[in-house]
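Encoded as C-alpha cells, the structure appears first; notes follow it.
The values are calculated or read from the model by the stated rules, or taken from the named source; none is laboratory data. Every value quoted in this text rests on a predicted model; they were computed, and no experiment measured them. Backbone-built Cβ (ideal geometry, glycine too); neighbour counts: all protein chains shown.
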Amino acid sequence: MSLANGKVKVNLFIEGHAVRKGAHIYYAFFASQWAGDVETPFRGTLEVRGLAASSTYRLWDYVNERQLERVSGPAARLDAAFQGSLLFCAEPV
C-alpha cells in the first residue's frame, strides 16, 4: 500500500457459480474485496465454462435485460465490468 502517491492496492476476489437447467446454464459472479468497506468495480476477463464444444450461446444479463456477447464452447472468455455481482444465462442459439 502506498499512500504517499495516492494509490492504494486493493485485493479483489471473484467468486463464480454455475447451475445448469435444461439447455441453459445460469452463472453468478461476485466481486468482493478485503481491503475496506468500499465496493470496487470489477473490470477484467471471466472464463465461462461448461458450454458444449460445438455450440454457440447468447450470454444474457437477465437482471439488466441486455445481451452481453455471443460465444462458443467449451470455454469462453467474457470481458466484463460490474460492481457487486454479474448474473447471466448462457442460452443456446
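In region 80-92, which residue that is more than 11 Å from Phe29 (Cβ to Cβ) and at pLDDT 95 or above is surrounded by the most Cβ atoms within 10 Å (Cβ to Cβ)? Step through it out loud before you land on a result.
Residues of region 80-92 that are more than 11 Å from Phe29 (Cβ to Cβ), as a first pass: 81, 83, 89-92.
Remaining after also requiring at pLDDT 95 or above: 89-92.
Numbers: Cys89: 17, Ala90: 27, Glu91: 15, Pro92: 14.
This residue is Ala90.
Quick one: in region 35-63, of everything that is at pLDDT 90 or above, aliphatic (A, V, I, L, M) and in a loop (DSSP other than H, G, I, E, B), which residue is surrounded by the fewest Cβ atoms within 10 Å (Cβ to Cβ)?
Ala53
Which count do you get for residues in region 69-79 that are surrounded by 11 or more Cβ atoms within 10 Å (Cβ to Cβ), in contact (Cβ under 8 Å) with a residue 12 or more places away in the chain and part of a strand (DSSP E or B)?
Our first condition is that a residue be surrounded by 11 or more Cβ atoms within 10 Å (Cβ to Cβ); within region 69-79, this holds for 69-78.
Now restrict to residues that are in contact (Cβ under 8 Å) with a residue 12 or more places away in the chain: 70-78.
Still in the list and also part of a strand (DSSP E or B): 70-72, 75-78.
Final tally of qualifying residues: 7.
Could you identify the single residue in Arg77, Arg58, Arg49 that is in contact with a Ser or Thr (Cβ under 7 Å, 6 or more places away or on another chain) and more than 13 Å from Ile14 (Cα to Cα)? Quick ask: steps written out before the conclusion?
On the way: Arg58 fails: in contact with a Ser or Thr (Cβ under 7 Å, 6 or more places away or on another chain); Arg49 fails: in contact with a Ser or Thr (Cβ under 7 Å, 6 or more places away or on another chain).
Step by step, each of Arg77, Arg58, Arg49 is checked, and only Arg77 is in contact with a Ser or Thr (Cβ under 7 Å, 6 or more places away or on another chain) and more than 13 Å from Ile14 (Cα to Cα).
Being within 11 Å of the chain's Cα centre (by Cα) and either at pLDDT 95 or above or not small (Gly, Ala, Ser) (or both) is the filter here, so list the residues in region 8-17 that pass it. So that I can check it myself, show each step before the final result.
Taking region 8-17 first, the residues within 11 Å of the chain's Cα centre (by Cα) are 14-17.
Within region 8-17, Ile14, Glu15, His17 qualify.
Surrounded by fewer than 14 Cβ atoms within 10 Å (Cβ to Cβ) and within 20 Å of Ile14 (Cβ to Cβ): does that describe Arg66?
Working: surrounded by fewer than 14 Cβ atoms within 10 Å (Cβ to Cβ): yes; within 20 Å of Ile14 (Cβ to Cβ): no.
No: the conditions fail for Arg66.
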